1. Give me the residue from region 261-286 that is in a helix (DSSP H, G or I) and touching a His at 6+ places or on another chain (Cβ under 8 Å) and, out of that set, nearest to LEU320 (Cα to Cα).
2. Taking TRP260, is it surrounded by 20 or more Cβ atoms within 10 Å (Cβ to Cβ) and under 23 Å from GLY194 (Cβ atoms)?
3. Among the numbered criteria (1) within 21 Å of the chain's Cα centre (by Cα); (2) surrounded by fewer than 16 Cβ atoms within 10 Å (Cβ to Cβ); (3) within 16 Å of GLY46 (Cα to Cα), which single criterion is violated by TYR247?
4. Only residues that are closer than 20 Å to PRO51 by Cα and without any contact (Cβ under 8 Å) to a residue 40 or more places away in the chain: list them for region 99-127, please.
5. Search region 70-98 for residues that are within 16 Å of HIS289 (Cβ to Cβ) and pair each with any residue that is of a type outside the set (A, V, I, L, M, F, W, C) and part of a loop (DSSP other than H, G, I, E, B) when their beta-carbon atoms are under 6 Å apart and the residues are at least 6 apart or on different chains.
6. Scan region 162-191 residue by residue and report those that are of a type in the set (D, E, K, R) and open to solvent by 60 Å² or more (accessible area, probe 1.4 Å).
7. Can you name the number of the only condition in (1) in contact (Cβ under 8 Å) with a residue 24 or more places away in the chain; (2) over 29 Å from TYR84 (Cα atoms); (3) open to solvent by 40 Å² or more (accessible area, probe 1.4 Å) that LEU303 fails?
8. Could you please give the count of residues in region 229-260 that are assigned to a helix (DSSP H, G or I) and aromatic (Phe, Trp, Tyr)?
Amino acid sequence: MTDARQPYHAVDLMKWICSLLVIVVHTYPFYEVLPDVGFVTSNILGRIVIPFFFVSAGYFMQIGLTHKQEGYFRSYMLRLIRLYLIWSLLYIPFGMHKLSSMMEIHGWMWLGALAVGLLNTGTYYHLWYMAALIFAMLFCWLLNRKLSLKVLLGIGAGLFLIGLFETYNGLIAGGWLRQTLDLYLMFMFTTRNGLFFGVLFVALGMFLAQHQRWRKIPHPFRLAALSFILLVIEAFSVRSMQLALDYNMYLMTVPFTLFWFCGLLQSRLDWPLPYRQLRESSTLIYFTHGFFLELGEILLGPLYLNHGAVRFFFVFPLTLICAEIIRRKLPMLK
């Protein structure tokens with residue numbers, strides 16, 4: 001019997017691999033001993049993860065809107081919001097510990113910090129992705145009710161180009177533009193959010209799903225390989241010219257994610273793997289690894305903070321164990 005989800009097996013496997021890459025990004029295991037390797041793993045390989053997650057979410061949302069009942073989007077969004085709120089509550093103590101180690105904050109200011117966390121940065125820093133995903137999917141769904149996906153892609157591309165100022169900050173001269181961008185960063189901290197980062201990739205996933213456009217791209221893995229080479233050149237160029245405030249967004253992640261995702265959809269992967277479990281585990285690995293990022297710092301102190309290998313080998317196995325326990329025993333958290 002043919003597995004109805006077989007075309008998505010490669011996507012499921014890639015989601016799991018990307019969730020492991022998130023741990024690498026947040027533990028940066030190579031930086032102390034091999035800075036260039038650390039830069040490649042954390043600031044190049046690690047930066048393709050979130051665009052892939054956004055595109056995947058947009059793709060499957062469009063599939064659901066096309067083939068499922070009318071209430072699909074509402075139920076899907078309510079599930080995302082429920083998960084986000086549950087995990088946000090679980091992370092509040094860890095977020096408070098992290099925030100208090102960075103700045104002094106007292107009394108009513110915690111309420112403001114909670115509001116900023118829920119709406120923008122997350123109650124712990126990796127949860128920003130969920131806030132961004134919810135916003136980007138709602139934004140794209142609302143605009144697509146009035147506009148075509150091609151127009152939505154154009155809007156997303158414009159927003160993404162604005163968001164790139166964080167990466168290419170060194171190119172922006174003084175004057176009103178610099179003042180405007182600095183004022184924005186003072187209140188919003190980053191362009192790594194649903195508006196400037198998420199909309200384009202969610203719209204791209206929706207666009208690929210419509211009329212199965214992903215089938216029309218020949219040799220997608222070759223094009224992805226070329227795009228990745230250009231991405232590496234872009235990242236090292238930005239670093240060598242000291243342009244970036246942060247390395248969250250690159251121009252070449254757009255074609256790379258497009259072609260890589262199309263290649264995965266075109267792959268007929270029939271390896272004997274538990275694909276559903278991998279898909280569920282990828283979500284839980286992403287959610288749970290933050291616990292151990294903070295616990296490592298609390299329990300091991302300087303040993304954890306100063307040694308990448310310690311960070312990685314503390315967080316990695318504990319995250320996998322915790323994610324598997326939750327997958328089996330606590331289905332309401334996945």
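The values are calculated or read from the model by the stated rules, or taken from the named source; none is laboratory data. All values derive from a computational prediction rather than experimental measurement. Neighbour counts run over all protein chains shown; Cβ positions are idealised from the backbone, glycine included. Areas reflect the complete protein model, heavy atoms only, side chains present, ligands, DNA and RNA absent. Shrake-Rupley method; radii C 1.70, N 1.55, O 1.52, S 1.80 Å.
1. The selected residue is TYR286.
2. It is true that TRP260 is surrounded by 20 or more Cβ atoms within 10 Å (Cβ to Cβ) and under 23 Å from GLY194 (Cβ atoms).
3. Against the list (1) within 21 Å of the chain's Cα centre (by Cα); (2) surrounded by fewer than 16 Cβ atoms within 10 Å (Cβ to Cβ); (3) within 16 Å of GLY46 (Cα to Cα), TYR247 comes up short only on (2).
4. LEU119, GLY122
5. SER88/THR123; TYR91/THR123; TYR91/TYR124; PHE94/TYR124; GLY95/THR123; GLY95/TYR124
6. ASP182
7. Tallying (1) in contact (Cβ under 8 Å) with a residue 24 or more places away in the chain; (2) over 29 Å from TYR84 (Cα atoms); (3) open to solvent by 40 Å² or more (accessible area, probe 1.4 Å), LEU303 fails exactly one: (1).
8. 4
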